[in-house]
Amino acid sequence: MKIGVRILPKNEVLDTQGRAVESTLKSHGRSVNQCRVGKYVQLDLAETEPALALKKAGEIAEFILYNPLIETFELEVLPN
Amino acid sequence: MAQKPVGILRFLGTNCDRDVWQAVETLGLTPRWLWHEDTFHPADYSGFVVPGGFSYGDYLRCGALAAKAPAVQSLSEAAKKGQPILGICNGFQILCESGLLPGVLVRNEGRRFIDKWVKLKLRSSNAWTQSASVGRELNLPIAHGEGRFFLEADGIDRLFENNQVWCTYSDNPNGSLKDIAGISSPTGNVCGLMPHPERAVTTWMGSEDGRVILSNLLV
């Protein structure tokens, strides 16, 4: 089963990448209120039960994929 | 009895390892490589340096993958035993990601990689500053894109209360919170800093101030 891990910088953390994209968008006439840039990790797991797969993906995210000081993460079950 | 060697950790992508090796030799000490895939016996060494570079190409987050290496597990044992450990630049990032030091280093405020000499102020005494007087100014080079120290406000206050902020920038180059350039563990034996003391150990390098930190390996 495939699980997606969406990682975003916390709101209180200065997101320099987001700021840079925001500024480029603005200079090309495509202003946005805010742009935050994160990462997306796709895990292909042996688990076939969504609950088990999500539990394992959560453990992996806690282990290394995100840093709780500066980031948040969300999991989603992906179609195979 | 001859002093035990100084262990220098090497990861894939470490690139300041030879500079640290030469600086250690310049001080009259014996360096020894510690490969990231291997564990080691902390008692065989007098101290440890985690050099700068781009371990694992800074994939995921700076230092995040290196922090899980077997050699870092041994380093954690050394930290618990009170042995001196210094993380420089990417080494500082690795120590933070491994939990040996609090906080995290994030992208410079100005988004640029900065390579320049900076003035630092020593603020507290620990295993890596005991030969230097608090308040002393140091001239050291920095070279990093992600050196902005970050921790939530309460955590920063606690670091200052516990004297864990051991060096600060006189003219903050990267937006680091409270001008923090280096922090230590509560016990003071584990220290990290973004500037490179190993690049300032002889006059022809532009400064010998790196010795103020590295010479504590001689203690």
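Nothing in this text is a laboratory measurement; each read-out follows from the coordinates by a stated rule. Nothing here was measured: the structure is a model prediction, and the numbers come from that model. In this analysis, Cβ positions are derived from the backbone assuming ideal geometry, glycine residues included, and neighbour counts consider all displayed protein chains.
Structure values in brief
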| quantity | calculated |
| --- | --- |
| Sites matching trypsin sites (Lys or Arg not before Pro) across the range B:1-104 that sit in DSSP coil, with at most 10 neighbouring C-beta atoms within 10 Å | B:LYS81 |
| Coil-residue trypsin sites (Lys or Arg not before Pro) of the range B:131-219, DSSP, other Cβ within 10 Å capped at 15 | B:ARG136 |
| Cα-projected label distance for B:LYS68 with B:GLU152, points at 7 Å along beta-carbon direction, nm | 2.5 nm |
| Gaussian network model of chain B, Cα within-10 Å springs - most flexible of B:VAL72, B:VAL49, B:VAL118 | B:VAL118 |
| The protein assembly as shown - charge dipole about Cα centre, Lys and Arg +1 at Cβ, Asp and Glu -1, debye rounded to 20 | 480 debye |
| In sequence order, calculated HN-Hα J values of the range B:174-186 (Karplus, 6.51, -1.76, 1.60; Hz; x Gly/Pro) | 10, x, 3, 4, 6, 6, 5, 10, x, 10, 10, 6, x |
| Size of electric dipole in chain A: Cβ of Lys, Arg +1 and of Asp, Glu -1, about Cα centre, debye, nearest 20 | 400 debye |
| Computed FRET value (nearest 0.05) for A:HIS28 with B:ILE114, which takes r as the C-beta separation and R₀ as 30 Å | 0.60 |
| Loop sites in chain A: trypsin sites (Lys or Arg not before Pro), DSSP, at most 11 other Cβ within 10 Å | A:ARG30 |
| Average other protein chain Cβ within 10 Å of Cβ, residues B:109-117 | 1 |
| Spatially proximal lysines relative to B:LYS4 (Cα-Cα < 28 Å; intrachain offsets below 8 disregarded) | B:LYS68, B:LYS80, B:LYS81 |
| Taking all pairs of distinct alpha-carbon atoms in the range B:1-126, Kirkwood radius in angstrom | 15.2 Å |
